[in-house]
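Engineer: Got a structure for you, questions after.
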């Protein structure tokens, strides 16, 4: 099993975002702006949902990879580091999901 991580993906997205648009899909997405990247993220989310509903494990695996990649691009454009997202996940997991969700609804 690979030791590849979301941190590795974040670094690759950062490097490729700085490449020329003629040589990098990531650079093209970044150059297209947040609306274009977010639209692509939404498309990948829908494709992942469809694969999950159909119990298509292979396609779900592929679409989940696409979804994570496009999320990292959207975060890059928004200048939100992965550590901030992971910090929020860590904060939320200190309590049960039901308690955490209820605390957000009372705000």
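The values are calculated or read from the model by the stated rules, or taken from the named source; none is laboratory data. Just so we're clear, the structure is a prediction, and the values are computed from it rather than from any experiment. All Cβ positions, even for glycine, are placed from backbone atoms using ideal geometry, and neighbour counts span all protein chains on display.
Engineer: At least 2 residues that are more than 17 Å from residue 34 (Cβ to Cβ), at pLDDT below 95 and out of contact with any helix residue (DSSP H, G or I) (no Cβ under 8 Å at 6 or more places or on another chain) in each: list the helices (runs of 4 or more DSSP H) lying fully within region 54-107 that qualify.
Structural biologist: Answer list for region 54-107: 82-92, 97-105.
Engineer: Kindly indicate whether any position in region 80-96 is surrounded by 15 or more Cβ atoms within 10 Å (Cβ to Cβ) and in contact (Cβ under 8 Å) with a residue 40 or more places away in the chain.
Structural biologist: Yes; the residues of region 80-96 include at least one that is surrounded by 15 or more Cβ atoms within 10 Å (Cβ to Cβ) and in contact (Cβ under 8 Å) with a residue 40 or more places away in the chain.
Engineer: Let me ask something else about it. Scan region 45-75 for residues that are over 10 Å from the mean Cα position of the chain (by Cα) and under 22 Å from residue 7 (Cβ atoms) and jot them down. If you could, list the steps in order and put the result at the bottom.
Structural biologist: First, pick out the residues of region 45-75 that are over 10 Å from the mean Cα position of the chain (by Cα): 46-63.
Across region 45-75, the qualifying residues are 48, 61, 62, 63.
Engineer: Can you tell me which residue within region 30-53, out of those that are touching a helix residue (DSSP H, G or I) at 6+ places or on another chain (Cβ under 6 Å) and more than 24 Å from residue 76 (Cβ to Cβ), is surrounded by the most Cβ atoms within 10 Å (Cβ to Cβ)?
Structural biologist: 51
Engineer: Ok, one more. Considering only residues that are assigned to a loop (DSSP other than H, G, I, E, B) and at pLDDT 95 or above, look in region 1-19 and name the one that is nearest to the chain's Cα centre (by Cα).
Structural biologist: Only one residue tops the list, namely 5.
Engineer: Based on this model, can you work out whether residue 66 counts as surrounded by fewer than 19 Cβ atoms within 10 Å (Cβ to Cβ) and either touching a residue at least 60 places away in the same chain (Cβ under 8 Å) or farther than 20 Å from residue 14 by Cα (or both)?
Structural biologist: On the way: surrounded by fewer than 19 Cβ atoms within 10 Å (Cβ to Cβ): yes; either touching a residue at least 60 places away in the same chain (Cβ under 8 Å) or farther than 20 Å from residue 14 by Cα (or both): no.
No; evaluated as a whole, the condition is false for this residue.
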